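Before any comments, here is the structure.
The values are calculated or read from the model by the stated rules, or taken from the named source; none is laboratory data. A quick note: this is a predicted structure, and the numbers were derived from the prediction, not measured. Here the Cβ is made from the backbone with ideal geometry for all residues, glycine too, and neighbour counts use every protein chain on show. The protein model used for the area step is the full one, side chains on, heavy atoms only, and it has no ligands, DNA or RNA in it. Shrake-Rupley method; radii C 1.70, N 1.55, O 1.52, S 1.80 Å.
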Amino acid sequence: MIAHSPTTAISTRSTPPVIHFNRPYAAEKSFEYMRQAIANAHTCGDGPFTKKCHAFLEEQLGVAKALLTTSCTDALEMCALLLGIGPGDEIILPSFTFVSTVNAFVLHGATPVFCDVRADTLNLDESAVERLIGPKTKAIIPVHYAGIGCEMDAIMEIAGRHGVPVVEDNAHGLFGKYKGRYLGTFGALATQSFHETKNFNCGEGGALLINDRTFANRAEIVREKGTNRSRFFRGQVDKYTWVDIGSSYLPSDMLAAYLYAQFETSRQIQKIRKRIWTHYQRSLEAWASGNGVRLPIVPKHCEQAYHMFYLLLPTHRDRQSLISHLCALGITSPFHYLPLHLSDKGKEFGGKAGDCPVTEDVSNRLLRLPFYNDLTDADLDRVVAGVLSFRIK
Ligand SMILES: *Cc1c(COP(=O)(O)O)cnc(C)c1O
């Protein structure tokens, strides 16, 4: 012990380690299950662990079919293929979202029509959707931002009246609910992400959720390089062949093994995340109202998925100062999303300043706090103390 004390003395004086914004999580059994996947000698897609993941998602959420994919981006691209999106077709989506929500469709020729978001939940503004619908509209893509449900009653009603399919980008929202019903179960199709920054992860991965059964057969084909291999493996055809367009969207069974271990402990994971979120909310409430900072708003009829905790600062300058203030304390606090309609690519589709005022405004003022399953109480306290020591001038 004595021999160690000089080292201890030095380390207590040095700056504390950086608190990262995200740390990829692995459940205890992830390693054992990955070892099993290798021992099974079935490391390609659709092995035993992939099947367990499919069954889990289908049973938990009550969707007609769930298919693991290599990413949420790829699941979105599968939606573009399933909906037969081609050049000139229009899709309606929020400007305030990740690039993949739009790019997966534009890749197949779609023209994006960017919609603004609500100022409270930062979700697709359902009151602005209808006037964007035209004869070429092929999909409406709500994103359940921060795992808090969009106004699905209104969105489904408008979409239904115009006969336009809905694809939910539920990358943030696994196990979140809108009016008691799971996110991802409203649209004809929905997508999940298991990227390392999401609540459940396998590094890179995703899922396609199918609610409209008419897409089920073709989804298997599109996912298997345009072949009917899935039917072949089930003994439904005696050889498999090229039957449609598609690509390779199956993740390795080793990744499914990693993921399945987290599914098995999904309740504990969500409990941990709820605790972190609630701790931020309670500790920062008074500071926020004293400094004109807005915390996330969760409508009464939404059960959120506890994906992220964000702060909306009064001005862009305040946001930048808080980022620097936290950075000096060794705390990483990123921001997002740059409005898609004002991006280089978005401008090619005619996007210009003023098109989506709420998106343009919040994009400048939003900041995210570190949020991951292994965040310790000590780190959580350090982040809270760091924020509390910041005063808006
Ligand atoms: C993370 C994310 C995606 C992309 O997920 P990947 O699995 O990395 O492809 C898509 N949409 C939203 C809203 C996301 O947050």
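Annotations for the structure displayed:
- Of the strands (runs of 3 or more DSSP E) lying entirely inside the stretch 128-206, those containing at least 1 residues that are more than 12 Å from the ligand (Cβ to nearest atom) are 137-140, 189-193.
- Remark: Phe349 matches the filter, which requires a residue to be in contact with a strand residue (DSSP E or B) (Cβ under 9 Å, 6 or more places away or on another chain) and surrounded by fewer than 18 Cβ atoms within 10 Å (Cβ to Cβ).
- Pairs with Cβ under 7 Å, 6+ apart, first in the stretch 330-356 and within 28 Å of Ala385 (Cβ to Cβ), second at pLDDT below 95: Gly330/Thr15; Gly330/Pro16; Gly330/Pro17
- Only listed residue being without any contact (Cβ under 8 Å) to a residue 40 or more places away in the chain, open to solvent by 20 Å² or more (accessible area, probe 1.4 Å) and over 23 Å from Tyr178 (Cβ atoms), chosen from Gln320, Gln281: Gln320
- The stretch 144-160, residues that are open to solvent by 10 Å² or more (accessible area, probe 1.4 Å) and touching a residue at least 24 places away in the same chain (Cβ under 8 Å): Glu151, Asp153, Ala154, Met156, Ile158
- Only one of the listed residues (Gly246, Gly187, Gly235) is under 16 Å from Ala80 (Cβ atoms) and open to solvent by 30 Å² or more (accessible area, probe 1.4 Å). That residue is Gly246.
- Filtered by the rule that a residue be in contact with a Gly (Cβ under 7 Å, 6 or more places away or on another chain) and open to solvent by less than 40 Å² (accessible area, probe 1.4 Å), the stretch 12-23 gives a lone residue, Ile19.
- Residue within the stretch 211-218 that is among the β-branched types (Val, Ile, Thr), at pLDDT 95 or above and crowded, with 17+ Cβ neighbours inside 10 Å present: no
- Filter pass, Asn211 being more than 16 Å from the ligand (Cβ to nearest atom), touching a residue at least 24 places away in the same chain (Cβ under 8 Å) and either farther than 19 Å from Glu58 by Cβ or polar (S, T, N, Q) (or both): yes
- Residues within the stretch 352-389 that are open to solvent by less than 20 Å² (accessible area, probe 1.4 Å) and either among the hydroxyl-bearing types (Ser, Thr, Tyr) or out of contact with any Asp or Glu (no Cβ under 9 Å at 6 or more places or on another chain) (or both), tallied: 15
- Thr111 more than 16 Å from the ligand (Cβ to nearest atom), in contact with a strand residue (DSSP E or B) (Cβ under 8 Å, 6 or more places away or on another chain) and within 30 Å of Asp374 (Cα to Cα): no
- Checklist (1) assigned to a loop (DSSP other than H, G, I, E, B); (2) within 16 Å of the ligand (Cβ to nearest atom) applied to Ile245, failing item: (2)
- Condition met for Val362 (closer than 16 Å to Tyr145 by Cα and at pLDDT 95 or above): yes
- Selection of first residues in the stretch 187-201 that are closer than 17 Å to Ser266 by Cβ and of second residues that are more than 8 Å from the ligand (Cβ to nearest atom) and aromatic (Phe, Trp, Tyr), restricted to Cβ pairs under 6 Å at least 6 apart or on distinct chains, gives the following pairs, ordered by first then second residue: Phe194/Phe200.
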